[in-house]
Each structure stands twice: as structure tokens, then as C-alpha cells.
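Here the structure is laid out as C-alpha cells; the discussion comes afterwards.
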Amino acid sequence: MVGNKEKKEIKAQIKTETEETNNVAMEALNVERIEVGDLEKIASLRDAKRKFNGLLNRILQFVCVSMVLYQLYIASFGDLLAIMARAIHLGFGMTAVFMMYPVSAKLAKQVKIPIYDWLFVILSLAANGYLVIFNEDLAIRAGTMTTTDLVMGIILIVLLLESARRVVGKVLTSIALFFIIYVLFGNYFPGPMAYRGASLESMVRYMYTTTEGVYGTILGVSCNFIFLFILMGSLMTVMGTGEFLMDISLAVFGKYKGGPAKAAILASALFGMISGSTVANIVTVGTFTIPLMKKVGYKPHFAGSIEATASCGGQIMPPVMGAAAFIIAENLGVSYLKVCAAAALPAILYFTSIYFAVHQEAVRENISGLPKEQLPKAGHVLKTRGYLILPLFIIVGMLLGGFSPAMSGFTATLSCVALSFIRRESWLTPKRLVQSSVNAVINALEVLIACATVGFIVSAFTMTGLGVKLATLVVTIGGGYLLPTLIMTGICCIILGMGVPTTANYVMMSMITVPAVLQMGVPAMAAHLFCFYYGIISDLTPPVALGVLAGAGIAQANFWKTGLNAMKLACPTYIVPFFIVYNPILLVGQQPFTLKLLLIVAFCVFGVLVLSCALYRYIIDYNKFYETILCYFIAFMCIHPNILYSFIGIGLFVLVIIAQRDRIKKSQLLTCDNLQGK
């Protein structure tokens, strides 16, 4: 988990990153400048990086540009063996880590790279390069380890763990180290955890020289797919796509009740398509939207929670969906497009529920929108900058056309460069291309290193048979019943996700719980998405909740108030995963299209509306206690797969509205009589 000291490291960094955005945006709409509050800070290890100038900066730029060119080569014309391609990918990543990330966050102000980190860079290149140069010899020896093989393998394992500690954090590193120890000393573990143990040579051979360990499928997904999408997002950001999405969102929703909050939801959903990162989404969009929300009347903790919740939802919004979606597709052996289609409806329900909650709060507190004269014109924004969103349509079109995610990402990336020259302000000049390359590598490092580190855990499960044991244990603890098994899985995903990236969280939990859930007859897509969603919402669940820390920091709000409200806003995400397990028809594309699907979608949308009315205790008037309880009951009836229950729920909701309308009329008549009496 993130410590208190690490939470305090980011004040100067976040001020620097947001200063330019704030000056431009706040001047345009006459909103007070953001100053990050002292109460709660954005805690993120990704900010604890060295800042270079001169020769070191040029070396770093050279490394990042080289990595980008290599990834483009792999995606288009590259024909390397899997382990060679992944070793080069990891070699670039570890080099960038030891150049940019100091051994301690306290040393982030260093302007030079210590000698020991240069040594780590050389050893990282040597350990990964060894597999590339001597791959044929390793294949001929067919598993026979030499002393050099063993030394290189140990170097790779130690340096990868150190890379993970610096970039990802201590939690995942500790978990990976535990499983390495378990592989070596399994015979000392008690009860069902015990197994005969493996030699150091066997462990290193399996984890280092095969595609079952560090260089396994998970790292392959990072190499082949994830990096390209991150690169595309970086190019789109430099082109000004983030500002375009913000402007079009304000143009659509800005004038309505609670307009800035509704615009924040749309902008975060759209920006999440190209960022795939909760914190990056909040820092980019939130620095603009949170002050606007506060200006029109939203309380600081509410404004911070809206942005945190909406930005978190960016990871479940197709077509990017964060790194884990690519791994889901790989694990299931289906196209990435099928994963996107299956995840589309839960994502729509998620953002719909946030929209309803925001609207309810706006009506309840009488929060108006922004004046029309302060808002951009939708037609003008689309006419002048609509081309900036075209790469997303290119990706979707190519995926629908049957192209691979790698080729779709490659084409969309090249299209960014071509489209940028439509207008002068979006030109991807050589300087901007270099900056985009650096940004892409920085943004990819956490996922890249996490994917490699998870390889230790995956190989440990395979070598020891622990996966089967844990799956059996999960079923036993759940008593053989699906609901308690799912509840236990959800809680574990949230707790583990508090210190582990979404990708690593999903991989670990899918190995433990998905086999157990599959034994109970749950469709594979539903089982995998269940783990995926619960891993993501750990960003909104205190006590760590990095997304909430970011939103609260920008809003200058109390962390716990922001976190509790974020959980209320995201309530459907805690519930919907259960319904996609019990009612897989909600996963579009998994079953034939029927009229029943349309009815269920409509009822689910209505159900999250009613749930918002219950959570914020308001429909057209403040709820009585029994009306709130009834709304919770109605919401569950509407989301229930039985259509009859949904119709009954709608009928009950109409009765509640009639009761509130009559109460409002009586109150108005009483007020009128009192005024006449006076």
C-alpha cells in the first residue's frame, strides 16, 4: 500500500504539471486557479521521477524514441521469436526505469544518474540481450543450464524485482518475492500449501529461459498490444485531443443543471478511451473540471468524487479499457473486439448511474449550469478539431473489419501523425514526436514492469500446482455456493488492488478465483470481467484509493468524505458484476441478439436511476425514510433478470412519485394559505 510519506511527495510535481493547463483554462472561464490542498495529496509513485537536462535528457529521449521505433517495427514488419521480442521490450523498459526512477522517492530531485543505476542499466541490457544473442544455443541445449545461464537469470530476477519496487510499489514486489521463495522452499510450507520444492537451477530455467515465466503471455500482451495503444494515446494528447474532448463535453452539457459535472463525466469517459489510466485521467481532466464544478455550487468533496469516479470508469470504457482487457482476450482466446462488446453495457450503466446521481444532486441543491456565452460552440469545435478523434474510429473500424489489435493500433498511431497536419496547432513536429515518445514510455512503464513481474507469480502457480489447490480452497470456503464465492472474490480483488495495478490484480485473481467460479457453471467472459471490474474499483475504495486521493487533492477536499461519496457514485459497479454473472445476457455478443436484451437494458438503466434516487434520497422531493428503502428494493427488482419483477418495480416507483407529487402540492397549498392569512 502507499505510505503516508509517499502521499506527500507530489505537491511540487502536481503544481508543475497542472500550472499551464490551469492558467489557460481558468482564464478562459474566469475560474479561480487550482492550488493543491495540504490536507490530502495525490499519492502516486509514477511522480517520483528524475528530471533531466542536457546530455542526460538527450540520452533518455534516444532510449524512448528507439523503443517506440522498435515497437512500431514489431507491430508491422517484425518477425522475431516471442521470447526475443519480449526480452528486447523488457530490456528497454528496465533501462528506462533505472534511468528515471531513483532508488528512493526522496531522491527524485537528483539531476544525475548514480553509478550504481548505470550499472543496473548495463546488467539489465546484458540479461535481456543474452536471451536474444544466444537464443539458438539455449534452444539446442533444451533446458540444460550453464553457469552463465544461471548467473544471467539470477541478475534478471533481482533487477526486475528492484524495477517493480521502484515503479509499481512494494506490494506487488513482495507478493512476487513470496512466490519465488515458495517455489524454492515449498516443502517447508504447512498443510495444503506444501509441495516438494524446486532447485534454484530449475526455478531460474523456468522463469528466465522459457515463455512460461517472466517472458510469458502477459508480457507478450504488453509488447504486442498495450504499448501501441498507450503510444496512440500519448500522440493524441500532444495533438490537443484532451482539450477537444473537454470543449465538446462543455458544449453538450455545460448549460444544463449541474452542467460542469455532467461535462466532466463525458470528458472523463472519452479521455479514458485514450488514456486507460485513472490517475492520468484525473490529472488531465480534473484540473479543469473540478474548479468548474465548485464554481457552480458543488461541494469540494462531491466535485472531487465525481471526477475520481468518472475517470476510474475510463478503464472500463471501450475501445482501450486499460491493459487488462487485452489479457482477458488472450486468456479467453477471443478477439479483443468481443471483450469490448461484452464490456460495453456495464460501462454504459456505470456512466449512466453517475449522470443520474449528479443530476439528482444538482436538482436537490438547485445547482445551475454555466452561462451560454462562456461555453464553446459544439458546431465550431467539431468543425475545427473534430478530426482529432478520428484515430479512435479507425481502431474500431479496423477491429470490426477483422484486423488484429496490433495492426489496428499501428494504423491508428500512424493516422495520428498524418491527421495532425490538418491544422497548424496540432502538428506533430519532431520535438512533439520526441516528447510523445518519452510520455508513452513513461506511461507504459508501470504496466510493462507489472506484466513482467506477474510472470513470477504465473510461473509459480504452474510449477507448484498452487492454482488448482487455491481454486479448490475457494470453492470449499464458499461452501460450494456461487454467491459467497463471488463476495469473497470481490473483497479479495479490492484489498489486493489497493497496492497493485489493475493488470497484476486481474491476473492474480483470475488464476485463483476464475477456475473456481467456472466450476459452478459461470460463463468464462462473465467470470473474467467480474475480477476485472472489482480490481478497478479498488481505486475508489478507501483507505488507499489512489483515484480518490487525486480527486480530493485537486478539489482541496477531505479524503474520507470524497472517498465515501465516490463509493456511492460507483455503487452500480459494486453490484453490476454480480448481475453479469447471474444474467450473462448483459454481456453483448455472448448470446444471440433478442428483444429480451433490449428490455433488460432498458430496465437496468431505469434500475440505476432508481438506485441514485435511493442513494441521494431525492426523486422530485426529499425522500421519506421508507421511500428510500423502497427505492433500494425497486432498483434491485429492475436490475433482476426476471422481467416480471422489473415491471412490478416500475409500478412501485410510479406510486412513490405520485406520493411525492401530492406531498409537494399540499406543501405549496399550505404555504399559499399561510401567505394569504398574513
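The values are calculated or read from the model by the stated rules, or taken from the named source; none is laboratory data. Just so you know, these numbers come straight off a predicted model, no measurement behind them. Cβ sites come from the backbone with ideal geometry, for glycine too, and all protein chains shown count toward neighbours.
Given the residues GLY497, GLY480, GLY465, which is the only one that is closer than 30 Å to ASN583 by Cβ, surrounded by fewer than 21 Cβ atoms within 10 Å (Cβ to Cβ) and out of contact with any Lys or Arg (no Cβ under 7 Å at 6 or more places or on another chain)?
On the way: GLY497 fails: surrounded by fewer than 21 Cβ atoms within 10 Å (Cβ to Cβ); GLY465 fails: closer than 30 Å to ASN583 by Cβ.
After ruling out the rest, the residue left standing is GLY480.
Checked against (1) surrounded by 13 or more Cβ atoms within 10 Å (Cβ to Cβ); (2) over 25 Å from the mean Cα position of the chain (by Cα), LEU107 passes all but a single condition, namely (1). Please go through segment 128-154 and pick out each residue that is under 20 Å from VAL97 (Cα atoms) and either surrounded by fewer than 19 Cβ atoms within 10 Å (Cβ to Cβ) or touching a strand residue (DSSP E or B) at 6+ places or on another chain (Cβ under 7 Å) (or both). Once the filter is applied, which keeps residues that are under 20 Å from VAL97 (Cα atoms) and either surrounded by fewer than 19 Cβ atoms within 10 Å (Cβ to Cβ) or touching a strand residue (DSSP E or B) at 6+ places or on another chain (Cβ under 7 Å) (or both), segment 128-154 yields GLY129, ILE154.
Give segment 106-119 a look and list any residue that's within 20 Å of VAL438 (Cβ to Cβ) and either part of a helix (DSSP H, G or I) or in contact with a Gly (Cβ under 8 Å, 6 or more places away or on another chain) (or both), or say none. Write out each step before concluding.
Initially, segment 106-119 is screened for residues within 20 Å of VAL438 (Cβ to Cβ), giving 108-113, 117-118.
Residues satisfying the conditions are ASP117, TRP118.
Here ALA303 fulfils each of the conditions (1) of a type outside the set (D, E, K, R); (2) at pLDDT 85 or above; (3) buried (at least 19 other Cβ atoms within 10 Å of the Cβ); (4) over 20 Å from MET246 (Cα atoms) apart from (4). Just so you know, in segment 616-652 the residues that are among the small types (Gly, Ala, Ser) and under 34 Å from the mean Cα position of the chain (by Cα) include one that is surrounded by the most Cβ atoms within 10 Å (Cβ to Cβ), and it is ALA635.
Can you confirm whether LYS295 is surrounded by fewer than 24 Cβ atoms within 10 Å (Cβ to Cβ) and outside any loop (DSSP other than H, G, I, E, B)?
On the way: surrounded by fewer than 24 Cβ atoms within 10 Å (Cβ to Cβ): yes; outside any loop (DSSP other than H, G, I, E, B): yes.
Considered against the rule, which asks whether it is surrounded by fewer than 24 Cβ atoms within 10 Å (Cβ to Cβ) and outside any loop (DSSP other than H, G, I, E, B), LYS295 comes out as yes.
Of the residues making up segment 183-234, those that are farther than 14 Å from ALA325 by Cα, hydroxyl-bearing (Ser, Thr, Tyr) and surrounded by fewer than 22 Cβ atoms within 10 Å (Cβ to Cβ) are TYR188, TYR195, SER199, SER202, TYR206, THR210, THR211.
Suppose we filter segment 420-432 for residues that are in contact (Cβ under 8 Å) with a residue 40 or more places away in the chain and not acidic (Asp, Glu); how many remain?
Going residue by residue through segment 420-432, those that are in contact (Cβ under 8 Å) with a residue 40 or more places away in the chain are 420, 425-426, 428, 432.
From what is left, the residues that are not acidic (Asp, Glu) are 420, 426, 428, 432.
Number of matching residues: 4.
Residue count for segment 122-148, restricted to those that are in contact with an Asp or Glu (Cβ under 9 Å, 6 or more places away or on another chain), more than 30 Å from ASN443 (Cβ to Cβ) and not in a loop (DSSP other than H, G, I, E, B): 2.
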